[in-house]
1. Determine, for the chain, the count of lysine pairs separated by eight or more sequence positions (or lying on different chains) whose alpha-carbon distance falls under 12 Å.
2. Would you mind getting the accessible area per residue of the chain, heavy atoms of the protein chains only, 1.4 Å probe, in Å²?
3. Pop a pseudo-label 7 angstrom from the Cα along the beta-carbon direction at both GLN23 and GLU120 and give the gap in nm to one decimal.
4. Quick one: what Rg and Dmax do you get for the range 1-76 from the alpha carbons, in Å?
5. How large is the translational diffusion coefficient of the chain in µm² per second when you combine the Kirkwood radius over alpha carbon pairs with Stokes-Einstein at 37 °C and 0.692 mPa s?
6. Quick one: go through the range 146-185 and flag any residue whose amide nitrogen is under 15 Å from the point 7 Å out along the Cα-to-Cβ line of ASP205.
7. Shape of the range 163-203 from its Cα gyration tensor (a ≥ b ≥ c, root eigenvalues): rounded if a/c is under 1.5, otherwise prolate when a/b > b/c, or oblate?
8. Kindly write out, for the range 86-97 in residue order, the coupling ³J(HN,Hα) from the Karplus curve 6.51 cos²θ - 1.76 cosθ + 1.60 (θ = phi - 60°), rounded to whole Hz, with x marking Gly and Pro.
Amino acid sequence: MNPIVVNLIQVRNRIELAALAAQREPEDIELLAVSKTFPASAIEEAMHAGQSAFGENYVQEGVEKIIQLEKLRPWLTWHFIGPLQSNKTREVAEHFDWVHSIDRLKIAERLSTQRAEFPELPELQLCVQVNVSDEESKSGVPLSEARALCDAVSKLPNVVLRGLMAIPAPSMDPQVQRNAFAAVRDCFHVIQKSRALDPSYLFFDTLSMGMSDDLEAAIAEGSTMVRVGTAIFGKRDKITK
């Protein structure tokens, strides 16, 4: 059996077991396969194994794959999950379905304006990225600033505010992992509760957190979308883009 197929089965089993351990429904957690640095052929293999959502970190690489796999577009959902610079927003607005890495209003405003240039496309789905571990090297707004940014993003046309994304500092301690994810979840719930009657928050339902090494802890603390690359596609070579 193809290694990617085997890996997908194993990852889905991990998700199911983690969900059941947390007394959650496995189908409430979406698997996002992070395909950065891997070829379009690997994405095709994963798609034929039932995977439909794919995440890319680099704009140029991601757009090239989306174009290569244009014939499969109706069955695929493309998520941009890496840091996004202003000069790259138009390509993302044209080609991607989701952006997880909104860390300042300027980026969201550019995506909103540029998405309007493609009226045949549905609204772009956005998550605000929070820097839960206060790492200087990480993108994202502090938890204390998340609600203000969410409020501003939620009012923009051509985009939909979907939730929060986080990449906590790496740790092998499950409790440390859970504490970080719990902080993001609490922030998410505070925003959700305070804006329960606001129609611009109607689809605020996504907690994008958890990766290959910590997805169990993320699911235990309420993640609705885990971003898994290595455990599906294997170890990747380091590249600079």
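The values are calculated or read from the model by the stated rules, or taken from the named source; none is laboratory data. What you see is a predicted model, and the numbers here were worked out from it, not measured in a lab. Note that we place each Cβ from the backbone using ideal geometry, even for glycine, and neighbour counts take in every protein chain shown. SASA here: full protein model, heavy atoms, side chains in, ligands and nucleic acids out. Shrake-Rupley method; radii C 1.70, N 1.55, O 1.52, S 1.80 Å.
1. Values: LYS36/LYS65; LYS36/LYS235; LYS36/LYS238; LYS36/LYS241.
Eligible lysine pairs with Cα atoms under 12 Å apart amount to 4.
2. Details: 11620 Å² over 241 residues.
Heavy-atom SASA per residue in the chain reads 48 Å².
3. Label-label distance for GLN23 and GLU120, simple model: 4.9 nm.
4. Rg then Dmax for the range 1-76, in Å: 13.7, 40.
5. 181 µm²/s
6. Only 160-164 pass the distance filter.
7. Details: a/c = 5.36, a/b = 2.87, b/c = 1.87.
Prolate is the answer for the range 163-203, as a/c is 1.5 or above and a/b outweighs b/c.
8. Per-residue couplings from phi come out as 4, 6, 10, 5, 5, 5, 5, 4, 7, 10, 9, 9 Hz.
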